[in-house]
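This report concerns only the one structure given below.
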Amino acid sequence: MAVGNFFDWLSSLFGVRRSVRLGIYGSVNVGKTTLANKIAKDWTGEEVGKASEIPHETRFVQKKEKVEIKHKNKKLMINLLDMPGIATKVDFKDFMKYGLSKRAAKQRAREATDGVIEAIKWLNNVDTVLAVMDATQDPLTQINITLLGNLEARRIPVIIVANKIDKKKAKPHLIREAFPQYPVVELSALKGNNIDSLYDAIAKHSRRGR
């Protein structure tokens, strides 16, 4: 019996489910934390963290462990990981536009930069990734292309989430056309539109914890 099959058999024998480390990745303000909160509240009744219109509200990896998803007679235990937004540049002046003082803005910029680095390091510790994209924006960005390329190189399963379909300017079909090789789920994390399709995709495409 192969080692992997042995552990699967041993886990089932003792009723132990190996969890999936599900990382939520994407650019800044695409709705990662809103999505994490929606998933966590649906299955645990609790949120993961605070969502805000201010860039880089999430500057540290936020976790919600032992989230059991039950969908279409399937059960999947996940450790939900809400990652800091990935950016190619962090400028403290951008935060001052939201009313932060210069000192607070510089501190936020330092934390945001550290958060980007931490998110990238965590690519070595996730089993499946939800790559969140804003359906109102052009999906062919340097961040999206680089992120997907890194995940492909690591052979990490990816589900692309075309978020914000409740917006009038949403064009989720552009995301499908840009990345036809990946499963794409169109939804509104804020309003919960089509969230069941995401749970179906997670159950179908997630890789069990190593």
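What follows is calculated from the coordinates using simple rules that are stated; it is not laboratory data. It should be emphasised that the depicted structure is a prediction, and the values quoted were computed from it without experimental measurement. Here Cβ is always computed from backbone atoms with ideal geometry, including for glycine, and neighbour counts include all displayed protein chains.
Other residues whose C-beta falls under 14 angstrom from the C-beta of Tyr25 contribute a net charge of -1, scoring Lys and Arg +1 and Asp and Glu -1. Placing unit charges on the Cβ atoms of the charged side chains and taking the dipole of the chain about its Cα centre, the candidate lying farthest along the positive direction among Ala135, Thr146, Ala170 is Thr146.
This model, with +1 at the C-beta of Lys and Arg and -1 at the C-beta of Asp and Glu, gives region 96-147 a dipole about its Cα centre of some 520 debye.
Helix 32-44 and the long axis of the chain differ in direction by around 40°, with both axes built from C-alpha atoms. With angles folded into 0 to 90 degrees, how steeply does helix 3-13 sit against the dominant principal axis of the chain? Use alpha carbons for both and round to 10. Long axis of 3-13 versus the principal axis of the chain: about 80 degrees. The percentage of C-alpha pairs in region 105-166 whose separation is greater than 18 Å is 46%. Projecting the Cα atoms of Ser188, Ile69, Phe92 onto the charge dipole of the chain (Cβ charges, centred on the Cα centre) puts Phe92 farthest toward the positive pole. Helical content of the chain, expressed as a calculated mean residue ellipticity at 222 nm, amounts to -11500 deg cm²/dmol (DSSP H runs of 4 or more residues, -39,500 (n - 2.57) each, divided by residue number, nearest 500).
Tilt of helix 195-205 relative to the longest C-alpha principal axis of the chain, in degrees (0 to 90, nearest 10)? Taking Cα atoms only, the helix is inclined about 50 degrees. Sorting Ile143, Ile69 by the number of Cβ atoms found within 10 Å of their own Cβ, with the fewest placed first, yields Ile143, Ile69. Here region 18-205 is treated with +1 on each Lys and Arg Cβ and -1 on each Asp and Glu Cβ, and its dipole about the Cα centre works out to around 220 debye.
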